[in-house]
Amino acid sequence: MTILDFLKETTTGGASDLFVVAGRPLSYKKGGKLLEIDDRRIMPHETEALVSEIYQLAHRDISRLRQTGDDDFSFAIQGLSRYRVSTYMQRGSLAAVIRVITFDLPDPDALGIPGPVIGLSGLKKGLVLVTGPAGSGKSTTLACIIDQINRTQEKHIITLEDPLEYLHRHQKSIISQREVSSDTASYTVALRAALRQSPDVILLGEMRDYETISIAMTAAETGHLVLSTLHTLGAANTIDRIIDVFPSSQQRQIAVQLASVLQAVVSQQLVPAAGGGVTAAFELMTATTAVRNMIRENKIHQIDGLIYSSSTDGMFSMDTSLLKLYKAGKIGRDEAVAHSTNPDMLSRKL
């Protein structure tokens with residue numbers, strides 16, 4: 001089987017991720033479950049051939065992978081789909097994990113993204129963070145917010161991604177999409193340059209380090225709307241993570257700066273659905289006066305309690321989202337409790 005055959009068969013079958021790893025059959029993930037194409041294990045020389053075919057399809061030089069042991073990029077096959085690829089060395093052989101990305105931008109209603117989350121597209125400035133574990137759909141949520149801005153507002157939107165996932169067409173807005181490594185050297189270089197490119201909205205694929213976070217916060221402070229992601233779950237964890245990146249001597253100042261620029265934290269996770277597949281559960285924290293005061297006064301641990309008890313200000317907790325999904329019959333009781341931030345409390349409600 002060629003890599004193109006594998007991509008065609010799994011993409012048309014509704015797979016989300018494809019795996020090319022020596023020692024097991026060609027595999028794919030569908031509805032949160034790992035499945036195999038057949039029972040024939042592939043050998044290292046076969047994974048090398050398959051990974052080389054991926055690079056040929058992407059018109060990309062494989063030398064970076066051979067030199068560093070890792071590479072990330074994206075490519076498209078006309079009439080089929082786009083793919084985000086991570087290639088790497090493991091136990092001396094080449095391997096690849098391929099994420100399937102549709103050409104069409106996702107429909108937030110079909111994905112169950114709440115209206116208040118898409119409503120964050122109406123913000124004019126500040127920092128909005130979409131958080132959650134790897135593979136929980138953060139990029140998809142951000143793509144929906146960017147698409148809403150693009151269709152309804154006249155803005156210059158700059159996206160900095162590694163690699164590019166969803167492709168946006170210019171509508172009411174102008175969209176400049178830049179890919180780290182092919183269009184720019186790094187997030188830091190691109191983010192500094194973006195501030196000179198008259199942006200209204202900046203999408204930063206990931207806030208990876210101290211320098212990137214610092215520039216992103218400065219951009220938010222100077223009147224831009226900055227959207228980004230972190231691999232945390234829950235607003236308090238996210239805020240703590242950002243502050244902890246900085247040296248202890250700067251943390252007080254950063255907390256004050258973050259309190260002034262932060263607009264919202266969206267947390268999301270994918271939960272196995274009752275009828276198979278997965279469904280998304282969300283939490284939304286908006287930066288009210290009470291939240292900003294908690295950040296300034298180092299009472300961040302109280303934020304989750306505020307969200308949990310809040311029924312106004314557009315906020316809702318992860319457990320509220322899980323409870324709604326359970327009542328709608330979309331997820332089972334055990335899954336609701338397993339993904340809860342306060343299992344005892346949710347168990348009593350259920």
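The values are calculated or read from the model by the stated rules, or taken from the named source; none is laboratory data. For clarity, every value in this text was computed on a predicted model and none was experimentally measured. Backbone-built Cβ (ideal geometry, glycine too); neighbour counts: all protein chains shown.
Out of curiosity, is Arg99 of a type outside the set (S, T, N, Q), surrounded by fewer than 21 Cβ atoms within 10 Å (Cβ to Cβ) and part of a strand (DSSP E or B)?
Judged against the criteria, Arg99 is a match.
Only one of (1) out of contact with any Gly (no Cβ under 9 Å at 6 or more places or on another chain); (2) surrounded by 16 or more Cβ atoms within 10 Å (Cβ to Cβ) is not met by Leu34, so which one is it?
Single failed check for Leu34: (2).
Can you report the number of residues in the stretch 1-37 which are within 30 Å of Ala274 (Cβ to Cβ), outside any helix (DSSP H, G or I) and of a type outside the set (S, T, N, Q)?
19
Taking the conditions exactly as written (surrounded by 14 or more Cβ atoms within 10 Å (Cβ to Cβ), closer than 30 Å to Asp109 by Cβ and out of contact with any His (no Cβ under 6 Å at 6 or more places or on another chain)), does Ala259 satisfy them or not?
Details: surrounded by 14 or more Cβ atoms within 10 Å (Cβ to Cβ): yes; closer than 30 Å to Asp109 by Cβ: no; out of contact with any His (no Cβ under 6 Å at 6 or more places or on another chain): yes.
Here the answer is no, as Ala259 does not meet what is asked.
Do any residues in the stretch 123-150 that are touching a residue at least 60 places away in the same chain (Cβ under 8 Å) have Cβ atoms under 7 Å from those of residues that are assigned to a loop (DSSP other than H, G, I, E, B) and of a type in the set (S, T, N, Q), where the two are at least six apart or on different chains, and which pairs are they?
Pairs found: Thr131/Thr232.
Among (1) in a helix (DSSP H, G or I); (2) closer than 20 Å to Thr232 by Cβ; (3) out of contact with any Leu (no Cβ under 6 Å at 6 or more places or on another chain), there is one condition Phe282 misses while meeting the rest; what is its number?
All conditions are met except number (1).
From the set of residues in the stretch 195-214 that are acidic (Asp, Glu) and either within 17 Å of the chain's Cα centre (by Cα) or part of a strand (DSSP E or B) (or both), which is nearest to Gln153 (Cα to Cα)?
Top of the filtered list is Glu206.
Give the residues of the stretch 59-86 that are surrounded by fewer than 17 Cβ atoms within 10 Å (Cβ to Cβ) and either assigned by TED's automatic domain parsing to the domain that holds Ala134 or more than 28 Å from Gly14 (Cα to Cα) (or both), sorted by residue number.
Matches in the stretch 59-86: Asp61, Ser63, Arg64, Arg66, Gln67, Thr68, Gly69.
Just checking, which of Leu160, Leu164, Leu191 is part of a strand (DSSP E or B), hydrophobic (A, V, I, L, M, F, W, C) and touching a residue at least 24 places away in the same chain (Cβ under 8 Å)?
Leu160
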